[in-house]
Each structure stands twice: as structure tokens, then as C-alpha cells.
Amino acid sequence: MRYKIEQAELLIRQTPPDRSSFAIGAGKPSKRRPRAILLVRLVLSNDQGETAWGVSGDRPSFGWLDKRPDFGPDEKLERLFNLVRGARDIYLSKSFVSPQQHWFNCHQEIVRLGAEQNHETLSSTFASALMERAMLDAFCRLQGVSMFEALKTQLLDPDFALLDPSLKGIKFRSLLPAQPRTNFFIRHTVGLSDPLLDSDISKDERINDGEPESLEEYAQRDGLRYFKVKISGEPQRDLDRLEKIWSVLVKVNMSVVTLDGNESYTDIDAFSQFVELLEKRLLGLYQHIAFIEQPLTRQLTMDRGTVSVIRKISQDKPLVIDEADAELDSFARAQQVGYEGVSHKNCKGFFKSLLNRVRCHVTTEGRAFQSAEDLSLMPLVPLHQDFAALGILGISHCERNGHHYGLGLSHLTAQEQHLALEHHQELYVRRGDQVFLNIQGGEVNCDSLQTTGFGVSFEPEWDALVPLNDYQVKW
């Protein structure tokens, strides 16, 4: 069977201002930007004349993708949009038989295009992954199957030798569970400016929209067990804040904590000293830490001069790469340095996550693992597709609370909110005038996402979206 992408539109869902500020680094807290979700809507046909729609979406998080000071915010965003336009044109250019082969060919061209335009490889990966997921969504619709079923029945049969000759002969079907995982613990992100205690919020600072505003309130209301804590790269500041965070989390039964550096450390010795101080000063918290994510800059991550220190730390606290996971072989190279984990994010590529799942499987020591990250995921399309991917990868807990910086599903139309409640009764709940992710006992149920396509049950209200070329940036 031969397939062709007949058309692909780039659209923007404009979002209201965030309800609260957020900070991941040394800068001042700010509202996340831009106020937009970028979506791809495409039509895929086969040589029998059948067609199906496909969709994907992500927040265009240019500041995370490219942290270089060379370009300002407006320029970074427009450069990213132009790269996505280029990715769309590449995907439209040829018909194909194998979705994986088409993705691989297009991905290589997009990375080359990005290099020519002086982009970080992570930005090229983002542009490639947007088109990849929309294509796969449409492909599954044409077959009348879910993404899990497409892999289980080998309608999608990834050949990992195409990406890494050492993986020849491995069938991803053999790594799939009997049924996709559909229950996930929510790992609640604690940003550097997030209020920790109710008493941290003055009467004048309160949002008063009926939703929790402090870590303490969220932990109690949602029954949270898993937490992801941002660190700044300033050891004393981080230790003081971690001590206060632990005063909240020590009351949580069986709490699990991960730390996220977001490339905040530029010196391996400074990071090593921070870990030593953390263990000495906050042993209770230290013992509850499952892993530390991306502590060093993406450039320093692969530095062979860090091997001895990285391996020493990893013996007790596994280290995970995230921003450093830009190339298809990034995790394999990071493992040689001593990193044991790699983040799954749909915005870095679905086939790439399948590849890294296989790499975890074949690692001889058996310590390699995938974590599930991405604060930017918002309902419906980005969130649903990532939950569907986690069901395939079998990851049990995930960073999944970008919705608390916004107000639930308030960025969707009234009709979309109605359909979300109708199609996903276990996943969403109405509180007052708004619809929210339904977190019970710290977890969510995603049974209804096992639907035809890649986790998306119904089409977005396209008329409510803005063509990318007509979009006026709102900061």
C-alpha cells in the first residue's frame, strides 16, 4: 500500500493568560510564553482512494528548545515557526509505503535544514516530531486501529536496524504488554516560584479561582505521591528551598521525588558538590529521590571528561538526559558517559521513544530506563497523544500538570469541553464552570484514549483555530 499526505495545515490555538507564574531557572518568574498551542492538521490518502485526517500539537516552547542568547524571543519563535513550515513541506514532497521509512527520510532532511538555518538540533527534532505524530494519527485512522493495535498487529513494524544496526532482529511487538497501560500517577511539577505552603500566599496574591495554589493544597486535594522539583544551579538557594519542600512532602505517604536541573549546572564539580551536600543536609528527602534529570548543559552532558563523576553519582541516584536528547543516538552516547535514563517526550519523536525503549531492553546491566516528562502538555491533542504513547512504553508516572498554570480546559471551546466530558468521562471532571483533569488518589485513568488513531477521539473545532500565517503573537 502506498500513502500520500495530500495536505497539511499549520494552525494556532490561542490560549488565555496563565493563572500563575512559573520559573525553571535563575531568571524572574514569568507567565509561560507564547500563549499558543501549535497544531498540525493533515489529510492522508492511500492508493485505493481512501483518506483520513490526522492531528498533532505542542506548545512552541522556543525557550526550552534553544537557550542560546543569540536571538531574542520574537526571533526565536518566528525561526521555529519557519522551521516547522519547512518540515511540513518536506513531509508533503513524497509518497511512501512505510511510515517509519518516511519519518526517517524526512527527519534527516529536517535536521539538515535546521543545521543550515543555525538551529539547535532539538528544535529540528521538535519540527520533525510534529509532522510524524500527525502522519501516524492519520495512518492509524486509515487502518481503523489504535496506535497500540497498529504495533501489536505489526501494521506498524519498526525496523530498528535502520536506526542502529546493533538492534537488528528486535521486534517491538515483543516488548509490548498484553494490554496498553491506561492508569498513570501524576508527577506534580514544583517550579522555582511556586508557593509551597498556604501561608506563603498573601491575601492580595491569591488567585481565588477555586483551584489549589500551593504545593500543600495540591498534594492534599489530588492525593499526590509523585513530585518533580526544579533546581536552579545555585546550591544554597536550592537546599533552602528543598528543605521547605520536604517539610510538605514528608507528610505524604510513600512520596517519590525527582529533581530537574534544566541544564542549570555548567560545572561538573559544582553539581557533584551539590549532590553531596543534599545527602548530608537532607537525608530524608535524598532517600526519596528516584532520579535527577538533565543537571548539566546539553553540551557538557556528552563530555567524556565527566565520566568518572557521572558514574559515581549514578550508582546511587540515576541521571536522566532531556535537553541533551536531540539526536537519534543521544541516549546511546549518554549511556557511555554513565547516564542511565532518558526522558520520553512526544515532542522529541515517537519512533525515537520506541527506539530508546528497545535500548533500555537490551542494556546488559538492566538499569536503563525511560522517564515521562513534559510540563507543556495541554489538553486535548498534546496531552492525549502523550498518554497514549505512555501506554505503549509502559511508564507508570509522568510529569503532567501544565494545566495548573492555566485553568483546566479553559483554552478549549465550550463544544470541545463538552466533547471531552462526553468521550472521556473518566479522564475529565467538571468543577464549577470549568473542566479539569480528573486526578484521584494521585493518578488518572486513560482507558478512553485507546481509540482509533493516536489518542484523539474527535476532531478539534478547526474554525476556532488561527492559521499560522495569520497568527498575531501574544506574550
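The values are calculated or read from the model by the stated rules, or taken from the named source; none is laboratory data. Not measured: the values here are computed from a predicted model. Counting neighbours? That spans all protein chains shown, and the Cβs are built from the backbone with ideal geometry, glycine included.
The residues in region 201-232 that are more than 22 Å from residue 288 (Cβ to Cβ) and of a type in the set (D, E, K, R) can be counted, and the count is 7.
Scan region 290-307 and tell me whether some residue there is over 25 Å from residue 163 (Cα atoms), more than 24 Å from the chain's Cα centre (by Cα) and not in a helix (DSSP H, G or I). There is no residue in region 290-307 that is over 25 Å from residue 163 (Cα atoms), more than 24 Å from the chain's Cα centre (by Cα) and not in a helix (DSSP H, G or I). Of the residues making up region 446-475, those that are touching a helix residue (DSSP H, G or I) at 6+ places or on another chain (Cβ under 9 Å) and modelled with pLDDT under 95 number 2.
For region 157-196, the tally of residues that are part of a loop (DSSP other than H, G, I, E, B), modelled with pLDDT of 95 or more and in contact with a Gly (Cβ under 8 Å, 6 or more places away or on another chain) stands at 3. Could you tell me whether region 80-95 includes any residue that is surrounded by 16 or more Cβ atoms within 10 Å (Cβ to Cβ) and in a loop (DSSP other than H, G, I, E, B)? Checked region 80-95: no residue is surrounded by 16 or more Cβ atoms within 10 Å (Cβ to Cβ) and in a loop (DSSP other than H, G, I, E, B). Residue 373 - would you say it is without any contact (Cβ under 8 Å) to a residue 24 or more places away in the chain and more than 19 Å from residue 465 (Cα to Cα)? Here the answer is no, as residue 373 does not meet what is asked. Residues 441, 394: which one is under 18 Å from residue 218 (Cβ atoms) and surrounded by fewer than 19 Cβ atoms within 10 Å (Cβ to Cβ)? It is 441.
Criterion applied to 42, 113, 38 was being at pLDDT 95 or above, in contact with a Leu (Cβ under 8 Å, 6 or more places away or on another chain) and surrounded by 21 or more Cβ atoms within 10 Å (Cβ to Cβ), and the one residue passing it is 38. If you check 407, 421 for being among the hydrophobic types (A, V, I, L, M, F, W, C), at negative phi and touching a residue at least 24 places away in the same chain (Cβ under 8 Å), only one passes: 407. The criterion of being in the same structural domain as residue 83 (by TED's automatic domain parsing) and not acidic (Asp, Glu) does not hold for residue 156.
Given the structure, is residue 334 aliphatic (A, V, I, L, M), touching a strand residue (DSSP E or B) at 6+ places or on another chain (Cβ under 9 Å), outside the structural domain of residue 39 (by TED's automatic domain parsing) and under 25 Å from residue 112 (Cβ atoms)? Yes, satisfied.
Got a sec? Which of 388, 414, 368, 334 is modelled with pLDDT of 95 or more, surrounded by 23 or more Cβ atoms within 10 Å (Cβ to Cβ) and small (Gly, Ala, Ser)?
The conditions single out 388.
Considering 419, 390, 383, the condition of being more than 16 Å from residue 438 (Cβ to Cβ) and either hydroxyl-bearing (Ser, Thr, Tyr) or assigned to a helix (DSSP H, G or I) (or both) is satisfied by 390 alone. Taken together, 278, 242 contain a single residue that is buried (at least 18 other Cβ atoms within 10 Å of the Cβ), over 26 Å from the mean Cα position of the chain (by Cα) and of a type in the set (A, V, I, L, M), which is 278. Residues that are surrounded by fewer than 20 Cβ atoms within 10 Å (Cβ to Cβ) and either part of a helix (DSSP H, G or I) or of a type outside the set (A, V, I, L, M, F, W, C) (or both) within region 122-156 comprise 143, 144, 149, 152, 153, 154, listed in sequence order.
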